[in-house]
1. For the list (1) more than 18 Å from the chain's Cα centre (by Cα); (2) modelled with pLDDT of 95 or more; (3) among the hydroxyl-bearing types (S, T, Y), I need the number of the one condition that Y50 fails.
2. Give me the residue from the range 94-116 that is farther than 10 Å from V82 by Cα, of a type in the set (A, V, I, L, M) and buried (at least 16 other Cβ atoms within 10 Å of the Cβ) and, out of that set, farthest from the chain's Cα centre (by Cα).
3. Check A45, A59, A73, A80 and return the single one that is in contact with a Phe, Trp or Tyr (Cβ under 8 Å, 6 or more places away or on another chain) and among the small types (G, A, S).
4. What are the residue pairs meeting all of these: first residue in the range 112-125, first residue more than 15 Å from L19 (Cβ to Cβ) and modelled with pLDDT of 90 or more, second residue in a helix (DSSP H, G or I) and polar (S, T, N, Q), Cβ atoms under 8 Å, and 6 or more apart or on different chains?
5. For P64, only one of the following conditions fails: (1) surrounded by 14 or more Cβ atoms within 10 Å (Cβ to Cβ); (2) under 23 Å from V122 (Cα atoms). What is its number?
6. Specify which of the listed residues (Y79, Y50) is among the aromatic types (F, W, Y) and in contact (Cβ under 8 Å) with a residue 40 or more places away in the chain.
Amino acid sequence: MKHHIVLRIVTKILLPPILLFALYVQFHGDFGPGGGFQAGVIFGAGFILYALVFGLETARQVVPDGVVRFFVAFGVLLYAGVGVVGILLGGNYLDYNVLASDSQAGQHLGIFLVELGVGITVAAVMIAIFFSFAGRPPPLGDEDW
């Protein structure tokens, strides 16, 4: 890919708006269409674009495998932790009303944290799956692949 200078430049130009749009979808998900899953897919796709253009080894230097595994677990724990905190505060699992003194503020905080956990998990799992498949050697007979 080193000889495809146009792809590299276009990727460098488009990657920040892609990631910024993912953040917009993530944080605007409380008020309109979008949310954690959509934002995670956009963020993961932006990173996969980076890996396709600049190479797998460069992408693994930017986000090592250990960091990806950490974020997979962290997102799931954030999601589940919001539910456990609801139980500890006297409500049901994922009952957001008890997360704040005002019921509406608790709903907003709970949805925000759950959607953040989903977004982090989806992006990290997409990157982990890409790393797993892209790092495999080609099948026998496909050495030119």
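1. So Y50 meets the others, but not (1).
2. V98
3. Details: A45 fails: in contact with a Phe, Trp or Tyr (Cβ under 8 Å, 6 or more places away or on another chain); A73 fails: in contact with a Phe, Trp or Tyr (Cβ under 8 Å, 6 or more places away or on another chain); A80 fails: in contact with a Phe, Trp or Tyr (Cβ under 8 Å, 6 or more places away or on another chain).
Of the residues listed, the single one that is in contact with a Phe, Trp or Tyr (Cβ under 8 Å, 6 or more places away or on another chain) and among the small types (G, A, S) is A59.
4. Listed pairs, sorted by first residue: E115/Q26; L116/Q26.
5. Status for P64: all satisfied but (1).
6. On the way: Y50 fails: in contact (Cβ under 8 Å) with a residue 40 or more places away in the chain.
Just a single option satisfies the conditions, and that option is Y79.
The values are calculated or read from the model by the stated rules, or taken from the named source; none is laboratory data. Being a predicted model, the structure only gives us computed values, none of them experimental. For neighbour counting, all protein chains shown are included, and Cβ atoms are generated from backbone atoms with ideal geometry for every residue, glycine included.
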